[in-house]
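Comments concern the structure below.
Please treat every number below as a calculation from the coordinates, not as lab data. Here the structure is a predicted model, which is why all the values come from computation and not from measurement. Reconstructed Cβ throughout: ideal geometry from the backbone, glycine too, with neighbour counts over all protein chains shown.
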Amino acid sequence: EFVTVSELANMMNVQPTQVIAACMSLGIFASINQRLDAETIQIVSDEFGFEAEFVSAEVQDAIPVVEDKEEDLIPRPPIITVMGHVDHGKTSLLDKIRNANVTEGEAGGITQHIGAYSVVKDGKKLTFLDTPGHEAFTAMRARGAQVTDVAIIIVAADDDVMPQTKEAISHAQAAGVPMVFAINKIDKPGANPDKIREQLSQMNILVEEWGGKYQSQEISAKQNLNIDLLLEKVLLEAEILNLRANPNKNAVGVVIESSLDKGKGYVTNMLVEAGTLKVGDVILVGRNYGKVRAMHDEKGNALKEAGPATPVSILGINGAPNAGDKFNVMDDEREAKSIASKREQLYREQGLRATKHITLDEIGRRLAIGDFKELNIIVKGDVDGSVEALSDSLLKLSTEEIQVNIVHKGVGAISEADVNLASASDAIIIGFQVRPVVSARKLADSEQIDIRLYSVIYKAIEEIKSAMEGMLSPDI
Ligand code: GDP
């Protein structure tokens, strides 16, 4: 949102009521002091014969994005996240992969938790994010950071494809991240991998053994069985992606986590995505900045530099940026400082400005300006039958103009993970006979996610249908 109705009227030298009328014709019932968003400003000013030019206050733009030249790109390691239902073995798998990589000399060496680690398999490096689960994955994505290249979805063979397994799959699919399935706990007497493959197939996920396109591997994380085979499949998946980065430029990347250490000061764990980060570099990260005083890997080794897909822990930032914040190396410390303080100022003035997400009421307006093609929906309900019925009916509402996508469906209360997924994929959430948990409600408020609750299926369908026809009158 930018200027208010009266400010816009002033700029164009027309009456505020004229602007209000123009907004109304777009289905927006604006008051005189209401701030308008970019699209509305554009259309309204156009109607009065003006062309809106946005001079961005987003200082992010102050950092030029230079396209890499083809010849500068070299292969980079894949970044992998492990997701799955609680107790299905995510942590065990991550620990086994990490420990298998501790060489003789380091055996027993203390590995530090820096949010990610790298291992080498057949001479190829893989980087794992070691906060397992889709919550962290999607929370980062909701902040605009997508760091995962391949997702391992782990399912315990003595259990079933569970709600969180389904969530993990939806989250990976919504992010367009390829999945490799790890069917775990095959050492257990009750293990039935076929049952898992069968349940996956019911979700339209056919593994290769069943003639499908998804790679899967039976493993035992506990007994260290077939983990090397799993990693081979992950590497194969990564190869298809042809991941490359330019190591010869100022580093860019993303914060995994940060903390304040009593002795060391602010510790920032980050992932270098491209370029090479060096000790002494000046970093701009979120509203913070600083000079890299020291840099370590997850084994506590001091590093002088770190290339693409390398996790590092650094000292020297003047605060604790958020997970998912992007960082840039700057040539000029003064510039870094000045941008950081401008961001801080903006942050204070505007509060944490939530990105505007789609709401049902807004669809009509977006349709009017020809800016709406897909409606992403998350469906949560009390029982599987109604979730399926509702999802099917919603999908059938798709028209030539608007494609309805069910980004995720599941049984249970609306959770924080659902809201994060909605935020990351610009979706609305429909609850049928369920409500959001308190933390989800709070997050939805701050992220401005539209949650609609229904207790009658046809009401839900009717309302979505009218929204898609642009018929819904906006609440004011
Ligand atoms: P997470 O919640 O997904 O991180 O699951 P954990 O890695 O914490 O594992 C949950 C429990 O399952 C622990 O008690 C593990 O020891 C056990 N577990 C994990 N993998 C295996 C396995 O391959 N076989 C057996 N028998 N137990 C396992």
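Checking the a/c ratio against 1.5 first, then a/b against b/c, what shape does the Cα gyration tensor give for the range 148-280? Because a/c hits 1.5 or more and a/b exceeds b/c, the range 148-280 counts as prolate. Remind me, relative contact order of the chain in percent, using alpha carbon pairs under 8 angstrom and six or more residues apart? Reported as a whole number, the value is 13 percent. Helix-only arithmetic for the chain: the sum of -39500 (n - 2.57) across DSSP H runs with n ≥ 4, divided by the residue total, places the mean residue ellipticity at 222 nm at -10000 deg cm²/dmol. Each Lys or Arg adds one and each Asp or Glu takes one away; over the other residues whose Cβ falls under 12 Å from the Cβ of His134, this sums to -1. Would you work out if the range 359-467 is rounded, prolate or oblate? Take a ≥ b ≥ c from the square roots of the eigenvalues of the alpha-carbon gyration tensor; rounded if a/c is under 1.5, else prolate when a/b is larger than b/c, oblate otherwise. Oblate, since a/c reaches 1.5 and b/c is not below a/b.
In debye, nearest 20, what is the charge dipole magnitude of the range 251-406 about its Cα centre with +1 on Lys and Arg Cβ and -1 on Asp and Glu Cβ, if you could check? About 860 debye. List every residue whose amide H lies under 5 Å from the amide H of Lys121, counting only residues 5 or more places away in sequence or on a different chain, with H placed 1.01 Å from N in the peptide plane. HN-HN under 5 Å from Lys121: Leu126. If Lys and Arg each add +1 and Asp and Glu each add -1, what is the summed charge of the other residues whose beta carbon sits under 13 Å from the beta carbon of Ile183? So the surrounding residues net to -4. The Cβ shell under 13 Å around Asn248 holds other residues with a net charge of +1, Lys and Arg each +1, Asp and Glu each -1. The shape of the range 256-303 comes out rounded: with a ≥ b ≥ c from the C-alpha gyration tensor, a/c is under 1.5. By the Stokes-Einstein formula, at 1.567 mPa s and 4 °C, the chain with its Kirkwood radius over alpha-carbon pairs has D equal to 53 µm²/s. The antiparallel fraction among DSSP beta bridges confined to the chain stands at about 50%.
Computed about the Cα centre, the dipole magnitude for the range 283-364 is approximately 240 debye when only Lys and Arg (+1) and Asp and Glu (-1) carry charge, each at its Cβ.
Look at where the Cα atoms of the range 112-135 and of the range 191-266 average out, and the two centres are 9 Å apart.
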